[in-house]
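Participant: Quick one: the structure is below, and I'll ask about it shortly.
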Amino acid sequence: MKKEIITKHKELVFSGVQPSSGQVHLGNYLGAMRRFVTLSAKHETIICLVDLHALTSVQDPDKLSENTLSLAAAYLAIGLNPEQVTIFRQSDVIEVCELCWYLSCFFPLGLLERAHAFKDVKAQNANVNSGVMFYPVLMAADVLLYRGTKVPVGADQKQHVEMMRDVAIRVNNQCGEIFPLPEPLIEESTGVIVGLDGRKMSKRYNNYIGLFEDAKSARKKIMSIVTDSKSVEDKKDPETCNVFKLYKLLATDQEVNALAERYRAGGMGYGHAKEELFQVYERTFGPMREKYNDWMSKPEELKVILAAGAKKARAVAHHTMALLRGKLGLGEIL
Ligand code: TYM
């Protein structure tokens with residue numbers, strides 16, 4: 001019975017990235033954004049620029065709006081087509097804040113206190129703002145407002161998607177099957193992309209390679225990737241090497257096998273592997289960088305695309321909120 005009702009919900013891919021810096025990085029792209037493009041070819045897709053989430057860390061208004069346009073340019077440069085995909089800015093559909101409140105009334109506080117991301121930030125900053133704690137509630141509101149069913153993200157977001165499933169079940173138990181249960185789409189091979197120092201690539205650790213860095217700076221960063229101290233002659237294990245881990249995700253199968261063999265054979269230094277990585281980085285992101293720079297020179301066009309996306313997203317949001325308000329015993333919107 002339950003299954004029948006749930007399958008009534010149509011499949012919808014929903015995901016987002018925070019405009020929390022001027023640069024998306026390889027971790028964002030390989031962990032999540034690359035799949036926004038492939039999934040959008042098969043499913044209805046909504047991709048958000050989650051500026052309200054970014055507000056937990058960026059409180060300079062000029063920076064936030066610049067970062068938002070830069071992220072819009074990035075979405076288009078990687079190949080998202082606004083004719084096929086709804087691309088919009090989170091704060092343009094403010095019902096998300098209304099839903100965030102309703103969900104927070106169903107969200108056990110203990111769940112928020114135990115969230116890994118919150119605990120990490122709190123461990124580093126005693127003056128953490130409460131937006132950081134409510135981050136998972138707002139994220140649940142994002143997906144549930146549009147009734148997303150598939151959420152492509154990196155492994156660090158698994159717990160957040162589990163939390164949104166949990167709250168969707170709680171609301172459905174009380175209000176009927178309003179929300180589909182979102183499922184995280186996390187890939188084994190790209191769930192955690194490593195950064196220059198071998199830790200997870202992150203803006204916070206400053207160990208990232210930007211997607212659209214100029215060639216010189218990208219090369220410099222790639223040359224600084226941490227490796228072990230084996231000499232040129234030594235045989236090496238590609239699978240444990242940070243350079244190879246990135247190479248594998250950008251090169252063709254043939255190239256990957258050829259480089260792996262050179263690692264295993266010995267006689268190749270890490271400098272050579274880094275040069276190979278730089279070549280595939282440039283091949284992949286050089287053309288995207290041009291598109292990105294081109295979009296960045298047309299901010300007015302970017303704003304038009306975001307406004308059109310918001311209009312489409314708002315229509316879905318109104319529908320969900322109208323359903324839910326009645327079920328909660330709240331008044332109609334007059
Ligand atoms: P953000 O901007 O922090 O990250 C955007 C996406 O990049 C992924 N990611 C990584 N994946 C693999 N390896 C890495 N080193 C790496 N670094 C980042 C993140 O997992 C994420 O998928 N909370 C979300 C934004 C959000 C959202 C949503 C996502 C807000 N509402 C609703 C999906 C649905 C985030 O982490 O943004």
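Every number here is computed from the coordinates shown, using simple stated rules; none is lab data. Quantities reported herein were computed from a predicted structural model and do not represent experimental measurements. A quick note on method: Cβ atoms are made from the backbone with ideal geometry, for glycine too, and the neighbour counts reach across all protein chains shown.
Participant: Normalise the Debye intensity by I(0) for region 99-189, one equal point scatterer per Cα, no solvent, then take log10 at q = 0.21, 0.22, 0.24 Å⁻¹ and round to two decimals.
Facilitator: Calculated log10 I(q)/I(0) at the listed q: -1.01, -1.08, -1.22.
Participant: According to a simple spin-label model (label point 7 Å from Cα along Cα-to-Cβ), what is the distance in nm between HIS9 and SER297?
Facilitator: Each label point is offset 7 Å from its Cα along the Cβ direction, giving 4.4 nm.
Participant: So what's the gap between the Cα centers of region 169-183 and region 199-244, to the nearest angstrom?
Facilitator: Result: 43 Å between the Cα centres.
Participant: Give me the orientation-averaged projected area of the Cα convex hull of region 237-334, in nm², one decimal.
Facilitator: 11.7
Participant: Along Cα→Cβ, 7 Å out, is where each label goes; now give me the distance between the ones at GLN279 and ILE333 in nm to one decimal.
Facilitator: With each label placed 7 Å out from Cα toward Cβ, I get 5.6 nm.
Participant: Oh, and also: Calculate the translational D of region 214-293 in whole µm² s⁻¹ from Stokes-Einstein, where the hydrodynamic radius comes from the Kirkwood formula applied to all Cα pairs, the temperature is 25 °C and the viscosity 0.890 mPa s.
Facilitator: 188
Participant: If you restrict to DSSP beta bridges whose two residues both lie in the chain, what percentage is antiparallel, to the nearest 5?
Facilitator: Close to 10 percent.
Participant: In whole percent, what relative contact order does region 222-307 give with Cα contacts below 8 Å and a gap of six or more residues?
Facilitator: Here the relative contact order equals 33 percent.
Participant: Another question, if that's okay. Test of understanding: what is the full-extension gain from ALA322 to HIS272, defined as 0.36 nm times their sequence separation minus their Cα-Cα distance?
Facilitator: Here the answer is 12.0 nm.
Participant: What is the calculated FRET efficiency for LEU109 to GLN59, with r their C-beta to C-beta distance and R₀ = 30 Å, to the nearest 0.05?
Facilitator: The computed FRET efficiency comes out at 0.75.
Participant: By average Cβ neighbour count within 10 Å, what is the ranking of 32-40, 142-150, 245-253 from highest down?
Facilitator: Highest mean packing first, the order is 142-150, 32-40, 245-253.
Participant: Note down the nm distance, to one decimal, between modelled labels 7 Å out along Cα→Cβ at ALA41 and at GLU290.
Facilitator: So the two model labels end up 2.1 nm from each other.
Participant: A follow-up question, please. Which helices of the chain meet both criteria: a Cα extent of 15 Å or more along the helical axis and a mean Kyte-Doolittle score no lower than -0.5, with helices taken as whole DSSP H segments?
Facilitator: For the chain, where a helix must reach 15 Å along its axis and average at least -0.5, the hits are 61-77, 130-145, 299-328.
Participant: Let me ask something else. Could you let me know the centre-to-centre spacing of region 282-327 and region 99-137, using Cα atoms, in angstrom?
Facilitator: Using only Cα atoms, the two centres lie 27 Å from each other.
Participant: Kindly state, to the nearest 0.05, the FRET efficiency for SER217 paired with ASN173, given R0 = 56 Å and r defined as their beta-carbon distance.
Facilitator: 0.60
Participant: Restricted to Cα positions, what overall size does region 43-194 have along the principal axes? Three whole-Å values, descending.
Facilitator: Taking max minus min along each principal axis of the Cα atoms, region 43-194 gives 41, 39, 35 Å.
Participant: In which sequence would TRP101, TRP295 go, from the one with the fewest C-beta neighbours within 10 Å to the one with the most?
Facilitator: In increasing order of surrounding Cβ atoms, one gets TRP101, TRP295.
Participant: Another question about this same structure. Please report, in cubic angstrom per residue, the volume enclosed by the convex hull of the alpha-carbon atoms of the chain.
Facilitator: Per-residue hull volume (Cα only) is 153 Å³.
Participant: Note down the net charge around GLN84, summing +1 for each Lys or Arg and -1 for each Asp or Glu among other residues with Cβ under 14 Å from its Cβ.
Facilitator: The answer is 0.
Participant: What length, rounded to one decimal in nm, is gained on full extension from THR252 through to GLN124, with 0.36 nm per residue of separation minus their alpha-carbon distance?
Facilitator: 42.1 nm is the gain from fully extending THR252 to GLN124.
Participant: What ³J(HN,Hα) values, in whole Hz, does the Karplus curve 6.51 cos²θ - 1.76 cosθ + 1.60 give for region 17-33 when θ = phi - 60°, with x put for Gly and Pro?
Facilitator: 9, 7, x, 8, 8, x, 9, 7, 10, 4, x, 4, 5, 6, x, 9, 4
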